[in-house]
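Participant: Before we start, here is the structure in question, set down as structure tokens.
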Amino acid sequence: MSLKITFLGHSGFLFEGGGARVVVDPFLTGNPAAKHKPSDLKCQYVAITHGHADHVGDAADIAKANDATLIANYEICDHLARKGVKKTDPGNIGGAIQTSFGSIAFTPAFHSSSYEGTYMGMPGGLVLKFPEATVYHLGDTSLFSDLKLMGELYKPDIAIIPVGDRFTMNPTHGATAAQWIRPKVAIPCHYATFPMLTSDISAFQPQGVETRVIKPGECWEYA
Ligand code: NI
Ligand code: MN
């Protein structure tokens, strides 16, 4: 059994595992790197790391079109429920939610979170536990030492790490994050989407962790 991972560009991913399709941070409309349209995505779950527009993206429309369950913190769930998302399953940092494929846990991130002028709760990361693999999507964050604790607590097989600098870690800090989390595979994200983000991630070379660069629109299977 393998976990199929499609990079939607920026911080967006589609995971297919445990008999489910899960979309995380689907920012497609207005994303120059995106190869998918919102209507291309079929899923049972949409999960969001934090409230910024480059992460909430098309989440509400995708959730509505698929009658999918939206998983995010309470503030984001509440905000998108007001926009017509019918099924929401809120959580918050430190907790986890059981899902059809396994679970999603909420982890801390050092960042900010607001949407359309409204406070969207604490920013976070997500740990998606599939039967095939455990994935830790860090969301947007700086390097912080509790990433070591996240590695210890969740033992992810795959870590998805923002490395575009300016709003998150740079590639050098991202490599340190990977070494602290100690996944089997590290996948960089949140770079090159816009000119404000670095596109040179050659310094993202964590020691002892395999690096897997997925191009926007492409997929890779973790077996
Ligand atoms: Ni952000
Ligand atoms: Mn962002």
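The values are calculated or read from the model by the stated rules, or taken from the named source; none is laboratory data. Note that this is a predicted model, so its numbers are computed, not measured. Note: ideal-geometry Cβ built from the backbone for every residue, glycine included; neighbour counts use all protein chains shown. Only protein heavy atoms, including side chains, enter the accessible area calculation; ligands, DNA and RNA are left aside. Shrake-Rupley method; radii C 1.70, N 1.55, O 1.52, S 1.80 Å.
Participant: Cα atoms only, the chain: Rg and Dmax in Å?
Facilitator: Reported Rg and Dmax, both Å: 15.5, 45.
Participant: What percent antiparallel are the DSSP beta bridges of segment 3-222, to the nearest 5?
Facilitator: Given both bridge residues lie in segment 3-222, the antiparallel proportion sits at roughly 60 percent.
Participant: Could I ask something else about it? Pairs LYS35/LYS155; LYS37/LYS155; LYS37/LYS215: which are spaced more than 21 Å apart, C-alpha to C-alpha?
Facilitator: The pairs that break the limit, which is 21 Å between Cα atoms, are LYS35/LYS155; LYS37/LYS155.
Participant: Scan around SER142 for amide H atoms under 5 Å from its own, H built in the peptide plane at 1.01 Å from N, and keep only partners 5 or more places away or cross-chain.
Facilitator: For SER142, the qualifying residues are PHE110.
Participant: Give the relative contact order (percent, whole number) for segment 3-222; include only Cα pairs under 8 Å separated by 6+ residues.
Facilitator: 19
Participant: Net charge near PHE130, counting Lys/Arg +1 and Asp/Glu -1 over other residues with Cβ under 13 Å of its Cβ?
Facilitator: -1
Participant: In addition: Ignoring ligands, DNA and RNA, what percent of the accessible area of the chain is carbon or sulfur (1.4 Å)?
Facilitator: Within the chain, the accessible surface is 50 percent carbon and sulfur.
Participant: If you don't mind, another one. Ranked highest first by the average count of other Cβ atoms within 10 Å around their residues, in what order do 109-119, 188-198 fall?
Facilitator: 188-198, 109-119
Participant: Ok, one more. Can you work out ³J(HN,Hα) from phi for every residue in segment 110-126, in order, using Karplus 6.51 cos²θ - 1.76 cosθ + 1.60 and θ = phi - 60°, giving whole Hz and x for Gly and Pro?
Facilitator: 9, 6, 9, 7, 8, 8, 6, x, 10, 4, 10, x, 6, x, x, x, 10
Participant: Right, next: So, counting K/R as plus one and D/E as minus one, what does the shell of residues with Cβ under 15 Å around THR198 add up to?
Facilitator: -2
Participant: Within straight cross-link reach of LYS4, meaning Cα distance under 15 Å, which aspartates and glutamates are found once same-chain residues fewer than 8 apart are removed?
Facilitator: GLU16, GLU132, ASP157, GLU218, GLU221
Participant: Quick one: accessible area per residue over the chain, 1.4 Å probe, rounded to a whole number of Å²?
Facilitator: Value returned for the chain: 42 Å² of accessible area per residue.
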